[in-house]
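The values are calculated or read from the model by the stated rules, or taken from the named source; none is laboratory data. Note that the coordinates shown come from a computational prediction; the quantities given were computed from them, not determined experimentally. So basically every Cβ, Gly included, is an ideal-geometry build from the backbone, and we count neighbours across all protein chains shown. Keep in mind that these areas ignore ligands, DNA and RNA; they rest on the heavy atoms of the full protein, side chains included. Shrake-Rupley method; radii C 1.70, N 1.55, O 1.52, S 1.80 Å.
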Amino acid sequence: MTRAGTLYGLGVGPGDPELITLKAWRILSLAPVVAYPETRSGASLARGIAAPFLPEGVTELPIALPMCEDREPARAAYDEAAGAIASHLREGRDVALLCEGDPFFYGSFMYLFGRLAREHNVEVVPGVTSLTASAAALGRPLAARNDLLKVIPAPLDEARLSAEIAQADSVAIIKVGRHFDKVRRVLRDLGLAERATIVESATGDGEKISPLEDVPEGKRPYFSTILLYKGGEPW
Ligand SMILES: C[S@@+](CC[C@H](N)C(=O)[O-])C[C@H]1O[C@@H](n2cnc3c(N)ncnc32)[C@H](O)[C@@H]1O
């Protein structure tokens, strides 16, 4: 009987290929099949990060994800991808699924994990997150001593954003993209905009760090994180 394959959720870090862990690199270098999410236009940050380490002759399984509010097209894409991955696993081939940052830190990996983990061997390999990478790029700790650190998704409405930010000592706002103007408005209303920084593509080729108030109006790249530290705890 053929040995069943294992699905590896591989965290490949935030952008710099040198931030791939030794464990992820080892598994990737032996993988017969590599899967990764990509946009409809064929762009894949995760594949780009792992590109120097893809084994020769590997079977690639891009997972085209629709970028839209409606969840139904994404569900269909994950169903189809889960089916394709399951076929490889049943035939005994391991599949390395490349995940930007860490698979379980707001990662789309969870949608495939949810569909496959009950019936297949699944192993998760943690990665360096964009959160820690952004703090490193900025050269400042995310939080100190008894600081309360909050990770806040920018799509939340203004009232919720305001309430959550007001109660935290240190804040990381993710999924900024087209929500940039709304988030900055909230920070200005709280008198905190001048203390915030936006980090784009941390550790990647296009890394950019800007004080929030220096950035023009309009949307920012999807891979942007706003960091705000209120400086409550001396360190
Ligand atoms: C869906 S979450 C995925 C997070 C990822 N799994 C991780 O571990 O960092 C995507 C959000 O993470 C943040 N992000 C991911 N990579 C980033 C990077 N290289 N630089 C800055 N922010 C990043 C952005 O806020 C982006 O909108």
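Along the chain, the longest continuous region that contains none of the GluC sites (Glu not before Pro) in a DSSP loop with at most 15 other C-beta atoms within 10 Å is 120-216. Taking square-rooted eigenvalues a ≥ b ≥ c of the alpha carbon gyration tensor, is region 1-121 rounded, prolate or oblate, where a/c under 1.5 means rounded and, failing that, a/b exceeding b/c means prolate? Taking the square roots of the gyration eigenvalues as a ≥ b ≥ c, region 1-121 is oblate. Applying both filters, DSSP loop and at most 14 other Cβ atoms within 10 Å, to the trypsin sites (Lys or Arg not before Pro) of region 1-81 gives ARG3, ARG40.
Quick check on region 122-235: take the gyration tensor over C-alpha atoms, sort the square-rooted eigenvalues as a ≥ b ≥ c, and tell me if it's rounded (a/c under 1.5), prolate or oblate. Since a/c stays below 1.5, the shape of region 122-235 is classed as rounded. Using the Cα gyration tensor of region 194-235, with a ≥ b ≥ c the square roots of its eigenvalues, what is the shape: rounded (a/c below 1.5), prolate (a/b larger than b/c) or oblate (neither)? Cα axes put region 194-235 in the oblate bin.
Gyration tensor over the Cα atoms of the chain: the corresponding equivalent ellipsoid has semi-axes (square roots of 5 times the eigenvalues, largest first) of 35, 19, 16 Å.
Per residue, the accessible area of the chain comes to 51 Å², computed with a 1.4 Å probe over protein heavy atoms only. Rolling a 1.4 Å probe across all protein chains gives ASP157 an accessible area of roughly 90 Å².
With the full set of protein chains in place, find how many percent of the accessible area of the chain is carbon and sulfur; take the probe as 1.4 Å. Carbon and sulfur: 51 percent of the exposed surface of the chain. Pairs from the table (LYS23/LYS230; LYS175/LYS208; LYS150/LYS182; LYS23/LYS150) lying more than 26 angstrom apart at Cα are LYS23/LYS230; LYS23/LYS150.
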